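The values are calculated or read from the model by the stated rules, or taken from the named source; none is laboratory data. In this text the structure is predicted, and so the values were computed from the model without any measurement. So basically every Cβ, Gly included, is an ideal-geometry build from the backbone, and we count neighbours across all protein chains shown. Accessible surface is based on the protein model in full, side chains and every heavy atom, while ligands, DNA and RNA are left aside. Shrake-Rupley method; radii C 1.70, N 1.55, O 1.52, S 1.80 Å.
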Amino acid sequence: MVDGIICVGGRLRNARIPTSRKHPYILDHRHPFTMLVMTEYHQNLFHAGQQLLVSSVRGRYWPTNVRNLARKVIHSCVRCFRVKPKVHEQLMADLPAERVTPCSPFQRVGIDLCGPFLVKYPQRKARPVKCFVVVFVCLVTKAVHLELVADQSTQAFLASLRRFTSRRGKPEIIMCDNGRNFVGANRELAELRKLFINQQFQENVVRESSNDSIEFRFIPARSPNFGGLWESAVKSFKTLLKRTIGIRSLLYDEFQTLLTQIEAVLNSRPLTPISNDPSDYEVLTPGHFLVQRPLTAIPEPNLEALPENRLAAWQTVQHFVQYLWKKWSTQYLSNLQNRTRWTKKRDNVNVGTMVVLKDENLPPLNWLLGRITDIHAGADGNIRVVTVRTKDGYYKRAISKICILPIRDNTEEN
């Protein structure tokens, strides 16, 4: 004991080292002074890691439970956290009704735009030009439709949407991200709808066409996990395209032909595992839903209870279609039950919490610092989207794009 302070005894009495290192002061890890000492050493050593922090502190002090205390100091350091941030998580949400309710193919779709790709035109000495591909994915059957566009403008997207609706039918709901071209298309369609409503008293046709408008639903910006279905389709399309052409530049017609062939391959992917039943020769694919029903077909009565020998030719086709939907419900829909990620429920974030906005295009120390000003709860009460105020304005982000700073008093870093 030195000056009333308990010291470590040990076996280093004859060692040629300072006395403070032979007999360091014993500190209780639960005392605030011990935390201050560890924090001071951590900062003076330029935010050292656990091993260096422990060895340096033990040169004069001997805190109890020192390794756990060192981890606590490092994890509560705002500067260390901002160098290597950890995004927030929440229990995976339930699937929306748009994905688990049967409907005709492409009645509810998700859209994404990928590229750029290089194509050539048949003129002599023509240089390759950039183009993009719009990926339409049916939210129910996972069927894929690919459209080639020349640029990322709103007009190009609207043209691709017209081609899509001409061949696949007009969708009721379109879900997409907050890309400028998609937002612009939604704005123009909204203005067109207002124009139609103002002219309702003139023509009944205009009134009916206004009722057929398309509803756009946008996911939070920079939150691809909210659109995993079409993001997965984009990844599959790029994989097939790169393996087919590599770095070559195709002619416009060749690229268009290749898109349709890739579309056919994507629509032949199995939705369910192959059955062990020897009488079941085919696996359920998106293509089954595309070729068995016209775009303007009307609902048919349920024919599953009738034997096939009593069905007419058209009724036989409808019986097969209903069998597909039954197989979709019993096999594919059941596979969606499990949560593959985010299986544990986490504590919800609160208004006023200091966070860092994740940005893949910047190093972590340059990510924007902000404070949560509003929370948006899901149907299950869990918070997965928040509004953050930063020096550049307000941003609506998913919690997978925010990192909660390890501070308790919600004060900004000095």
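Scanning the stretch 12-63 for residues that are in contact (Cβ under 8 Å) with a residue 24 or more places away in the chain, over 19 Å from Ser76 (Cα atoms) and among the hydroxyl-bearing types (Ser, Thr, Tyr) returns Ser20, Tyr25, Tyr61.
Taking the condition modelled with pLDDT of 80 or more and in a helix (DSSP H, G or I), does Phe182 pass? Considered against the rule, which asks whether it is modelled with pLDDT of 80 or more and in a helix (DSSP H, G or I), Phe182 comes out as no. Of the strands (runs of 3 or more DSSP E) lying entirely inside the stretch 363-411, those carrying at least 3 residues that are open to solvent by less than 40 Å² (accessible area, probe 1.4 Å) and either in contact (Cβ under 8 Å) with a residue 24 or more places away in the chain or within 21 Å of Phe81 (Cβ to Cβ) (or both) are 383-390. Condition check for Asn414 on (1) modelled with pLDDT of 85 or more; (2) part of a loop (DSSP other than H, G, I, E, B); (3) of a type in the set (S, T, N, Q): one failure, at (1).
The lone criterion from (1) surrounded by fewer than 17 Cβ atoms within 10 Å (Cβ to Cβ); (2) closer than 14 Å to Phe136 by Cβ; (3) at pLDDT below 80; (4) not polar (S, T, N, Q) left unmet by Asp212 is number (2). Of the residues Gly169, Gly110, the single one that is in contact (Cβ under 8 Å) with a residue 12 or more places away in the chain and within 30 Å of Ile245 (Cα to Cα) is Gly110. Any idea which of (1) surrounded by 13 or more Cβ atoms within 10 Å (Cβ to Cβ); (2) at pLDDT 80 or above is the one Ser268 doesn't satisfy? The number of the failed condition is (1). Considering the stretch 6-18, and only residues there that are among the β-branched types (Val, Ile, Thr) and surrounded by 11 or more Cβ atoms within 10 Å (Cβ to Cβ), the residue that is modelled with the highest pLDDT turns out to be Ile6. Of everything in the stretch 121-152 that is open to solvent by 20 Å² or more (accessible area, probe 1.4 Å) and at pLDDT 85 or above, the residue that is nearest to the chain's Cα centre (by Cα) is Lys142. Of all residues in the stretch 337-360, those satisfying the criterion of being part of a loop (DSSP other than H, G, I, E, B) and under 25 Å from Cys77 (Cβ atoms) are Arg346, Asp347, Asn348, Val349, Asn350, Val351, Gly352, Thr353, Lys358, Asp359, Glu360.
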